[in-house]
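The values are calculated or read from the model by the stated rules, or taken from the named source; none is laboratory data. Only a predicted model underlies this, so the values are computations on that prediction, with no experimental measurement involved. Cβ: placed from backbone, ideal geometry, glycine included. Neighbour counts: every protein chain shown.
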Amino acid sequence: MRSQRFFLEEIICAQWGVSLYMKSIERFVSLLNCQTEEALQRTVIQVGSDYGFEQTLLAVVPKKPTSLSEAYIRGNFSPQWLDIYDRKRLIGIDPTVAHCVSRSIPLLWEPAIFASKEQREMGEEASRFGLRTGITLPFHGANGEIGVLCFAKNIRPSRRFYRDVLHIIPALSMMRDFAFEATLQFAKSPNLQPPPALTQREFECLKWCASGKSSWEIAQILGCSESAVNFHFGNLRRKFQATSRRHVVVKAIHCGLLQSTPNWPKNLRESDKIKNGSAD
């Protein structure tokens, strides 16, 4: 069985194109359009099913959770399992929770992560409820929240499963960002904040980022240095209180600053489209 380290190295090396990036944005923007918690739950479960998972769980918890009752939870994990999990306070020994508190990378549910006797017993009990293998994607909010998106299947861990998951890690990671942002309106019930004031260059960088462009590509299009583009993205993360560029894009779409399918700026030359692989 491949190690967690090798799996994560493959994730980093995996390549995916602009077209997949844009299709993912279009697919997951529906999460932001959910007007009720029931609609959000249905959408989360459906998207998980579309990617081949039988059970999906979306949760937002405090910075240092001590009980499952503190979490905002949506999904189709067995209610009986969640009751056992909370009653036995398994949150204190769950290796996936410990991972999500301190890490940001995805975690595969492979036998090696269940190191202690208590963790192995927990894994065996979870298997009785169809949670035999899966993946957990953590998210850390600007105000200390911890988001957790879990996908599970009732099959034994295998190389084929790891290989299949590897190919959809980028899409699952994007879903996590959109799902977490969508959840906050129900978990906190905040008023939708107006978009922050952006400079023209910041908006241009944001729009090209939403189109799947890298810093180098944006620099070539805008006629500036790559370091200048990175400087603008630093300002964008600060203004949106975001933890990554993708998080900035998600928030910009949510507050109406960007469309889910950004249009090309009118002053972009056709040759630039072709040069950057973006022609229709």
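Remarks
- Qualifying residue in region 236-243 (condition: under 23 Å from residue 143 (Cα atoms) and modelled with pLDDT of 90 or more): yes
- Members of region 123-146 found to be among the small types (Gly, Ala, Ser) and farther than 13 Å from residue 80 by Cβ, listed by number: 123, 127, 134, 141, 142, 144
- Any hit, region 186-199, residues being under 18 Å from the mean Cα position of the chain (by Cα), at pLDDT below 90 and either assigned to a helix (DSSP H, G or I) or of a type outside the set (Asp, Glu) (or both): yes
- Members of region 114-140 found to be surrounded by fewer than 20 Cβ atoms within 10 Å (Cβ to Cβ) and either touching a strand residue (DSSP E or B) at 6+ places or on another chain (Cβ under 8 Å) or of a type in the set (Gly, Ala, Ser) (or both), listed by number: 115, 116, 123, 127, 130, 132, 140
- Test for residue 217: is it more than 24 Å from residue 142 (Cα to Cα), in contact with a Phe, Trp or Tyr (Cβ under 9 Å, 6 or more places away or on another chain), charged (D, E, K, R) and surrounded by fewer than 18 Cβ atoms within 10 Å (Cβ to Cβ): no
- Put simply, of 129, 151 the only residue that is in contact with a helix residue (DSSP H, G or I) (Cβ under 7 Å, 6 or more places away or on another chain) and either part of a strand (DSSP E or B) or within 22 Å of residue 61 (Cα to Cα) (or both) is 151.
Here's the yes/no breakdown for (1) touching a Phe, Trp or Tyr at 6+ places or on another chain (Cβ under 6 Å); (2) touching a residue at least 24 places away in the same chain (Cβ under 8 Å); (3) assigned by TED's automatic domain parsing to the domain that holds residue 56:
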| residue | (1), (2), (3) |
| --- | --- |
| 83 | no, no, yes |
| 119 | no, yes, yes |
| 141 | no, yes, yes |
| 157 | no, yes, yes |
| 170 | yes, yes, yes |
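- Against the criterion of being buried (at least 20 other Cβ atoms within 10 Å of the Cβ) and either within 18 Å of the chain's Cα centre (by Cα) or of a type in the set (Ser, Thr, Tyr) (or both), residue 171 does not qualify.
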